[in-house]
Amino acid sequence: MSLPGVAVGLLTLTGGRGAALAGGMARIAYDDRSAAAFAATRHLATDGLTSWRAAVARHLPTTAGARVLDLGAGTATWAAAFRAWYGLDVVAVEPSAAMRARAGYEAMVGGDAAALPLAAASLDGAWLSTVIHHLPDLPAVAAELRRTLRAGAPVLIRSVFPGRAGGISLFRWFPEALRVVASYPSVAEVCAAFESAGFAPVALEPVPQVSAPSLRTAADGLRRSAHTPLLLLDDADYARGVRRMRGAAARTPDVPVVDTMDLLVLR
Ligand SMILES: C[S@@+](CC[C@H](N)C(=O)[O-])C[C@H]1O[C@@H](n2cnc3c(N)ncnc32)[C@H](O)[C@@H]1O
């Protein structure tokens, strides 16, 4: 794998970790409870996403009318933002009825990443935000994206990757949750799965966002069921993390919460 234009220091190629989800099982169920928590606390204010808006525009075709897939769209925050920011025609695919019910975005269909309900060569790009670790069969997903994307169209993956989670504030309060991240597919594993379907990596960029206007807001609004790594922690570790986070929020309540996640692009 090579990533032109990417500083070598940014790369942590951690092959061979336990990326697969055992037996094809989902990590967490996006049922009514998780979907409600997600909708209540994971919707980012778009004014905190200036850097994402610029980063996405560097890689996704943003000519008006271009057709883009938001895969594992959740409540379709990003689909709606891409339509508003760039005038894109965004189709959102999401398997969870509970997430779809909270979306308020009409161009949304039920479907699984490994069997997309979309025609061959019908897309100019694909966006996967914090979803790659939920997909048990990455080669099958890559093959579906190869089938549905036009030649040369990009896949943009927004994710936390093992060994690259240092820019995410949640892990300062919940360091035990890094064990969960260690089981996510690494950059190298994602690239290998996509290379098997004919894609090549072209960029890996850390991109910052303002996740909450203040640490106090973040601590007050924390919902365990909105975050996969916190759901998979044991209760004692979770309780310790909440104490750490509340302690920090009491000391520095007004500090904005800035998190940095990766954007991996393949074509
Ligand atoms: C953390 S949420 C991210 C939602 C949205 N992409 C965002 O960033 O706001 C993960 C989403 O992946 C979806 N998902 C899980 N398994 C999937 C699969 N096999 N195919 C497509 N989406 C899946 C879940 O239902 C959930 O909505």
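Remark: pairs (first residue in the range 36-53, assigned to a helix (DSSP H, G or I); second residue among the hydroxyl-bearing types (Ser, Thr, Tyr); Cβ separation under 7 Å; 6+ apart in sequence or on different chains) = ALA37/SER225; PHE38/THR75; ALA39/THR75; GLY48/SER211. Within the range 135-158, the set of residues being in a helix (DSSP H, G or I), of a type outside the set (A, V, I, L, M) and closer than 17 Å to PRO117 by Cα comprises GLU144, ARG146, ARG147, THR148. Of the residues examined, SER122 is not one that is hydroxyl-bearing (Ser, Thr, Tyr) and near the ligand (Cβ under 10 Å from one of its atoms). If you go through the range 103-114 one residue at a time, do you hit one that is without any contact (Cβ under 8 Å) to a residue 40 or more places away in the chain, within 22 Å of SER211 (Cβ to Cβ) and within 10 Å of the ligand (Cβ to nearest atom)? The answer is yes, given that some residue of the range 103-114 is without any contact (Cβ under 8 Å) to a residue 40 or more places away in the chain, within 22 Å of SER211 (Cβ to Cβ) and within 10 Å of the ligand (Cβ to nearest atom). If the condition is being within 11 Å of the ligand (Cβ to nearest atom), not in a loop (DSSP other than H, G, I, E, B) and not polar (S, T, N, Q), then the range 125-134 contributes TRP127, LEU128, ILE132, HIS133, HIS134. Counting only helices (runs of 4 or more DSSP H) wholly contained in the range 162-267, the ones carrying 2 or more residues that are more than 25 Å from GLY152 (Cβ to Cβ) and open to solvent by less than 60 Å² (accessible area, probe 1.4 Å) occupy 170-173, 178-181, 215-221, 228-231, 235-251. Picking from residues in the range 89-145 that are closer than 23 Å to THR62 by Cα and among the acidic types (Asp, Glu), the one that is surrounded by the most Cβ atoms within 10 Å (Cβ to Cβ) is GLU94.
The values are calculated or read from the model by the stated rules, or taken from the named source; none is laboratory data. For clarity, every value in this text was computed on a predicted model and none was experimentally measured. Every residue, glycine as well, gets a Cβ built from its backbone with ideal geometry; the counts of neighbours run over all protein chains shown. To get the accessible areas, we keep the full protein, side chains included, count just its heavy atoms, and leave off ligands, DNA and RNA. Shrake-Rupley method; radii C 1.70, N 1.55, O 1.52, S 1.80 Å.
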